[in-house]
Every structure is written in C-alpha cells, then in structure tokens.
Amino acid sequence: MSDFREQALHYHAHPVPGKISVELTKPAETVNDLALAYSPGVAEPVREIAADPANAYKYTGKGNMVAVISNGTAILGLGNLGPLASKPVMEGKALLFKRFAGLDSIDIEVKHRTTEDFINTVANIADTFGGINLEDIKAPECFEIEKALIERCDIPVFHDDQHGTAIVTAAGMLNALEVQGKDIEDAIIVCLGAGAAAVACMELLIKCGALREHIYMLDRKGVIHTRRDDLNEYKQLFANNTDKRTLQDVIADADVFVGVSGPNLLTADDLKLMADKPVVFACSNPDPEIAPEVAHSARNDLIMATGRSDFPNQVNNVLCFPFIFRGALDVRATAINDEMKIAAVHAIRGIAKEPVPSEVLKAAGVESLEFGAEYIIPKPMDPRLLPRIARAVAEAAVESGVAQIDMPEDYMR
Ligand SMILES: NC(=O)C1=CN([C@@H]2O[C@H](COP(=O)(O)OP(=O)(O)OC[C@H]3O[C@@H](n4cnc5c(N)ncnc54)[C@H](OP(=O)(O)O)[C@@H]3O)[C@@H](O)[C@H]2O)C=CC1
Ligand SMILES: CC(=O)C(=O)O
Ligand SMILES: [Mg+2]
C-alpha cells in the first residue's frame, strides 16, 4: 500500500470510523433537564410549530442544518460507484460545512430506481433541514432533479457540482485572465466534459462575459457541434456550428482550458497548441486532466489550477458551498439565485487580491502569497472567506427579494 493511501485509510478509520458525529447543544443530565428536553417539555415547541411552521427555526436545529444528499452516480471523477461508496465524500462535505461555516450537516445517501423516486425521497424529508446540498449526481439527471426539488421545496436546494464549481471557476478564471492580460469577452474557451460541472461552469462564465460562440465543449464522443443528433437538451445549448471535431482541433490557439471530465485526458502536446499565456483549469478529482508538473514542463507562460489541495491554485467548490449556505440560511433565503451566485464570485475574487494573513501562509506552508500566476484564488483555510462570502450572499438575497428575514446590521462584521 502506498504511504498516502495508507494514511488516508487510517485517517478515515481511526480513532473512530468516519469523519462526523452528533453533539448536544442543551444539558441532559438531570430529571429536570430530561423533562424539558423530552416528555413533557418537548410538547410545547411541538404545539408552537404545528401552529406556525416558521417556529421550527426558533425551537429546533433546522435553520443551521444542511443535508448533503447523493446517489453516488458521479463520485468525484471516479464515476458511478453507488450511494454507499459516496459516503466518505458526503461525510467530507459535512465536515467542511462544520469546519468552515459552523453549519451542522448530515450526509444522506439515497438508493433509488427512478429519478422520480429520488426526487420524492428528497422532497419528503426536506422539512428537516435549512438547506439541501445535492452532491455527485451525474448529468443529465442532476438537472431535472435540481429543478424539481427547487420547485417543490421552500428551502435552498443547490447542486454543488454545478453551481459551487461554477462560482469558484468563474472567480478563478476572471482573476487568471486578468493576470494574463486577457478579456473574457475575447477568450476562446475549451471545456472538456459536458456534464453537471461543465454546463454550469460555462453558463456562469457566459453570465460573466464569455461569448457562447467562443466556447467549445467536448464529451466522450468529441466536440459538441450542431450536426450531432445524439445531444441531450443541456449539451445542445453548447452545440457549436463548427467543423472542428477533436480536442486537438479546438485546443489549437485556445486561451482557456477547463477540464471537468476525468484523469489524464490532456497531453503536453495538446497544451503546446494553445495560444500564448493560456489558462488551464484541470479540475477533475482526484486526478486532474493533466498533472501540473507535466503542464509546467510543456510551457512556462501558463496559469495552472487543479481541484486538489496539494498544488497551487485550488479551484474547488469547497471555496463556495460552506459560505454560500451560511449567507443563505442566515437570512432564511428561499433559494440561491443568480444574484447570490454572482455576489459570491466577486467576494471570492476580491480576497485573492489582498494581502494574505500570516495564519493562512502558515497553514499553506509557504513564506508568501501574492496575487499572480501562482495565487489567483484564496486558500480554503482563509478566515476571510466566511464573513466576506456569507455577507455578500446574504445582502444579495435581501436585495433580490428571496430573504425571509432581515440581515442583522452587524452581520459578519
Ligand atoms: N474541482 C471541483 O470543484 C470539481 C470538480 N469536478 C470534477 O469534474 C468531473 C465531472 O464531474 P460532474 O460534472 O459532476 O460529472 P458528470 O458525470 O455530470 O459529467 C462528466 C462529464 O465528463 C465527460 N467525460 C468523462 N470522461 C470523458 C472523456 N474521456 N473524454 C471526454 N469527456 C469525458 C462525460 O462525457 P459524456 O457526457 O459523454 O458521458 C460527462 O459529460 C469529475 O472529475 C469531478 O471530480 C466536479 C465538481 C467540482
Ligand atoms: C469537488 C467535487 O465536488 C467533485 O470533484 O465532485
Ligand atoms: Mg462533487
């Protein structure tokens, strides 16, 4: 067994299996404590909630609790390995919710036959939670699932692989293009992958200024173009009227490569075909589309990012989902809308341009970090992410009319 594999398995197995547990927030020691916590005292909040469902936020943990829900059909870049195998990732997301945003989170892995079964299962348990983070559900089913659940639930439902990834990608991309001296409006963009992350990333880049006709998206069959007759409705949105068919055809002279597909699909030779000063986000986990050392040995004018913690420029949805839910839940938003997503993009990108606190340098194990090719996006352990993103998101929720309560004046200051 490799050292790292052994370490990872040991981390998950000891001192107790798994990464999360439940803790109590009230005393439960005496007869009186139990009389309040359970029978007869618990009947009082029951009556209050039955009279007004909003009281659930006052008397239960609902408002600080996010469910991380998966069916294990697209576990990272490992593929469809089923609900149970997705549990370490989902526990990991729950760990990150708690560690970075103080949100209680529980993972739920759903075995189901039809997409409708999955939707019904989630909709039927939604009242328990303040928000629902859908995770690692493959395209195209993820689009239908998220849409149906947004319609049926009155709490925020957010497919992290779509929108969390898109928000962080857009923040990193706008900064990377700025460092390279390029405008997003002019950028020729290649997106390898045409699933959950790909479609959402490209849609958000378009909202940030990219031109749809400048985007070449590829799936396992190659370039998505207007003469293909095998495209689902989501891929069709990216069908390019082009004669280009292969990755090599489209990557020639491209400014940007976004990989949200699978491991080792981009070669050093492909990279050499790109325009001057390219931006390469190889975001597949755990293994990127091209290893950073291979990319850097192929050319020295690129900005390179991966989804991993152990290389510079980690473009990973961990920079978004804990904080966007914090902001959304704190104003009891009924949804996470485009205004809130764009607010998160700008909050994330702004932090990367400011001096880095010494505790972040220490946690990252580096002497210095300065906005530039090796630092286009903040580190996940940056304590500024929580107040900045949560506040920006909460403000956007209030301004766009989806907040159900006012934002406290001193919120996150
Ligand atoms: N860094 C980050 O924060 C994140 C990274 N990701 C990564 O993105 C990847 C995709 O995740 P997600 O979108 O959720 O999964 P989906 O299953 O929804 O989509 C996967 C897409 O990748 C395409 N693909 C797979 N293999 C190849 C290949 N050999 N050549 C071309 N295209 C290929 C599939 O093509 P087809 O349609 O033909 O099947 C599909 O369009 C994963 O590796 C995941 O780890 C995802 C979310 C966040
Ligand atoms: C980071 C993440 O959510 C993924 O790779 O699926
Ligand atoms: Mg994921």
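Where a number appears in this text, it was derived from the coordinates with a stated rule and is not lab data. Just so it is clear, the model here is predicted, and its values are computed rather than measured. Note that each Cβ is placed from the backbone with ideal geometry, even for glycine, and that neighbours are counted across all protein chains shown.
Distance from the C-alpha centroid of region 156-200 to that of region 1-31: 34 Å, rounded to the whole angstrom.
Charged neighbours of Val366, selected by a Cβ distance under 14 Å, balance to -4 (K, R count +1; D, E count -1). Sites listed here are trypsin sites (Lys or Arg not before Pro) in region 187-241 whose DSSP assignment is loop and whose Cβ has at most 16 other Cβ atoms within 10 Å: Arg220, Lys221, Arg227, Arg228. Just the projected area, averaged over all directions, of the convex hull on the alpha carbon atoms of region 1-58: how many nm²? Average of the hull's projected areas for region 1-58 equals 6.7 nm². Among Pro286, Pro27, Pro355, the largest mean-square fluctuation in a Gaussian network model of the chain, built with springs joining Cα atoms closer than 10 Å, belongs to Pro27. Taking the DSSP bridge list for region 26-135 and keeping only pairs wholly inside it, about 10 percent are antiparallel. Every Cα-Cα pair in region 296-413 was counted, and those over 22 Å apart are 39% of them. Computed extension gain for Ala37 through Arg228, at 0.36 nm per residue and net of the alpha carbon distance, reaches 62.6 nm. Taking Cα centroids, how far is region 68-116 from region 49-63 in Å? Here the answer is 26 Å between Cα centres.
Can you classify region 3-155 as rounded, prolate or oblate using the Cα gyration tensor, where a ≥ b ≥ c are the square roots of its eigenvalues, rounded means a/c under 1.5, and otherwise it's prolate if a/b beats b/c and oblate if not? The shape class here is oblate. Net charge near Ile49, counting Lys/Arg +1 and Asp/Glu -1 over other residues with Cβ under 14 Å of its Cβ? Charge balance in the 14 Å sphere: -1.
Please state the shape class of the chain: rounded when a/c is under 1.5, otherwise prolate if a/b exceeds b/c and oblate if not, all from the C-alpha gyration tensor. Prolate.
In the chain, once you exclude exposed GluC sites (Glu not before Pro) (DSSP loop, at most 15 other Cβ within 10 angstrom), what's the longest stretch remaining? With a cap of 15 other Cβ atoms within 10 Å, the longest stretch comes to 186-366. Near Ser261, once Lys and Arg are set to +1 and Asp and Glu to -1 for all other residues with Cβ below 14 Å from its Cβ, the sum equals -1. Report, for the chain, the % of DSSP beta bridges that are antiparallel, rounded to 5. Beta bridges within the chain, antiparallel portion: roughly 10 percent. Cβ-Cβ distance of Lys111 and Lys147, R₀ of 25 Å, FRET efficiency by 1/(1 + (r/R0)^6): the value works out to about 0.70.
Applying both filters, DSSP loop and at most 12 other Cβ atoms within 10 Å, to the trypsin sites (Lys or Arg not before Pro) of region 98-169 gives Lys111, Arg113.
Need one number: % antiparallel among DSSP beta bridges in region 66-190, to the nearest 5. Bridges in region 66-190 are about 10 percent antiparallel.
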